[in-house]
1. Just subtract the alpha-carbon distance of Leu84 and Leu72 from 0.36 nm times their residue separation and send over the number in nm, one decimal.
2. Taking 0.36 nm per residue of separation and subtracting the Cα-Cα distance, what length does fully extending Val5 through Asp26 add?
3. Give the Cα extents of the chain along the principal axes, in whole Å, largest first.
4. Would you kindly enumerate the cysteines in the chain that have no other Cys beta-carbon under 4.7 Å from their beta-carbon?
5. Rounded to whole Å and sorted largest first, list the principal axis extents of the Cα atoms in region 67-127.
6. List residues of region 85-122, by number, whose backbone nitrogen lies under 15 Å from a label position 7 Å along Cα→C-beta of Ala151.
7. Before anything else, pin down the relative contact order of region 73-158: Cα pairs under 8 Å, at least 6 apart, normalised by residue count, whole percent.
8. Take Met25, Met47 and sort them by solvent-accessible surface of the protein heavy atoms, 1.4 Å probe, largest at the top.
Amino acid sequence: MMEIVPAARTTRFEQLEAGDLFIYMDGRQTFYALKTQQPATGDRSTMVLLGPSFIQDVAESFLVPWQLVTVLSFGKSFSILPSLDPAAWSPTGPSRTPVCLAIADENVYICTNGGHSPQHYFACFVDVKTGAIVEGRLPGSAAFTNSWEIAVLAANHPPRSILKYPLP
């Protein structure tokens, strides 16, 4: 039996679940992103851009509206590997270059710009597990780093790193 490692499938963005990791491809740009939960306002879900490149030549993560596009989904079969270097961590943040990771209690968040444009910064945090968006500040105390990676998982295979910050 043939196996794809890691497991991946093509689907439409709107078919993804909140918290799913995927590659966005519209024929002009490709990048990793995570689907967010639908906001309480009733608007459609957004995506938080993870890179390594970003749309509109922006150099940081931000939230963008959903797109009617086919994506390559890895679902939730991935792990976040934060830096183990003490010098990579800070109690203050988030840093905007290019994708900052925050840990608050036991939850992992992508720090992102939730403003209406890249020039209007509004701090938001996306819970990696659920896709929930937290606006303004994280609850409780948090630690921040720009040194982390995403690895995809598969049974009987070693993890494969797919995105690592800082970029090489």
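The values are calculated or read from the model by the stated rules, or taken from the named source; none is laboratory data. Fair warning: this is a prediction, and the values are worked out from it, not measured in the lab. Note that we place each Cβ from the backbone using ideal geometry, even for glycine, and neighbour counts take in every protein chain shown. These area figures cover heavy atoms from the full protein model, side chains too; ligands, DNA and RNA do not enter into them. Shrake-Rupley method; radii C 1.70, N 1.55, O 1.52, S 1.80 Å.
1. Details: separation 12, 0.36 × 12 = 4.32 nm, distance 2.99 nm.
So the extension gain works out to 1.3 nm.
2. Details: separation 21, 0.36 × 21 = 7.56 nm, distance 2.34 nm.
Contour length minus the Cα-Cα distance gives 5.2 nm.
3. Ordered largest first, the chain gives principal extents of 49, 37, 29 Å.
4. Here Cys124 come out as lacking a disulfide-compatible partner, given the Cβ-Cβ threshold of under 4.7 Å.
5. Computed over the Cα atoms, the extents are 41, 33, 19 Å.
6. Hits in region 85-122 for Ala151 at 15 Å: 85.
7. Details: 153 pairs, mean separation 33.5, N = 86.
Worked out over region 73-158, it gives 39 percent.
8. Values: Met25 70, Met47 0 Å².
Result of the area sort, largest leading: Met25, Met47.
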